[in-house]
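The values are calculated or read from the model by the stated rules, or taken from the named source; none is laboratory data. None of the values given here were measured: they were computed from a predicted structure. Using ideal geometry, Cβ is built from the backbone for each residue, glycine included, and neighbour counts are taken over all protein chains shown.
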Amino acid sequence: HMLENLPSRREYNLYYWYYGTLAMYQHGGKDWNTWNNSLRDRIVAEQRRTGEFAGSWEPRSKWAPYGGRIYTTALSTLCLEVYYRFLPLYRMQEESEEPTATPGE
């Protein structure tokens with residue numbers, strides 16, 4: 001379902017993108033790369049580059065009326081920094097990799 005509803009110009013919904021990013025990051029693989037490429041391009045394209053609000057995002061997303069520029073900028077930043085905030089907990093260890101520790105160590 002999520003790959004059928006990638007971040008796009010059609011609907012700007014940071015709330016969905018934020019939780020979708022967390023889920024897809026944990027899922028990993030090719031699906032994560034597809035999601036991340038779409039998300040990154042969309043969010044970076046929306047960032048203000050000039051003026052007093054440079055570096056922020058316009059409060060235009062679906063839920064922005066409730067949180068304004070701070071909400072929009074915070075969620076945009078959290079989406080872009082997912083790699084630095086979470087470990088990929090559910091990524092399967094490659095078959096060629098040796099375990100990093102043995103039981104009892």
**All positions within the range 38-54 that are surrounded by 14 or more Cβ atoms within 10 Å (Cβ to Cβ) and outside any helix (DSSP H, G or I)** = Q47, R48
**Request:** Within the range 4-35, track down each residue that is among the polar types (S, T, N, Q) and touching a residue at least 24 places away in the same chain (Cβ under 8 Å).
**Result:** S8, N13, T21, Q26, T34
**Message:** Quick check on the range 22-54: of everything there that is of a type in the set (S, T, Y) and within 13 Å of the chain's Cα centre (by Cα), which residue is nearest to L78 (Cα to Cα)?
**Reply:** Y25
**Fill in**
Residue hits (the range 1-52; under 23 Å from Y66 (Cα atoms) and of a type in the set (A, V, I, L, M, F, W, C)) are L14, W17, L22, L39, I43, V44, A45
**Item:** Count of residues meeting criterion [out of contact with any strand residue (DSSP E or B) (no Cβ under 7 Å at 6 or more places or on another chain) and within 22 Å of N5 (Cα to Cα)] in the range 19-57
**Value:** 27
**Asked** In the range 59-77, how many residues are crowded, with 16+ Cβ neighbours inside 10 Å, within 21 Å of R9 (Cβ to Cβ) and not aromatic (F, W, Y)?
**Response** 7
**Considering residues of the range 74-87 that are under 14 Å from R40 (Cα atoms) and assigned to a helix (DSSP H, G or I) only, the residue modelled with the lowest pLDDT** = Y83
**Request:** For residues that are of a type outside the set (A, V, I, L, M, F, W, C), surrounded by fewer than 18 Cβ atoms within 10 Å (Cβ to Cβ) and under 23 Å from R60 (Cβ atoms), tally how many sit in the range 19-37.
**Result:** 2
**Asked** Is at least one residue of the range 55-70 within 11 Å of the chain's Cα centre (by Cα) and not in a loop (DSSP other than H, G, I, E, B)?
**Response** no
**Residue identified as in contact with a Gly (Cβ under 9 Å, 6 or more places away or on another chain) and part of a helix (DSSP H, G or I) among W35, W17** = W35
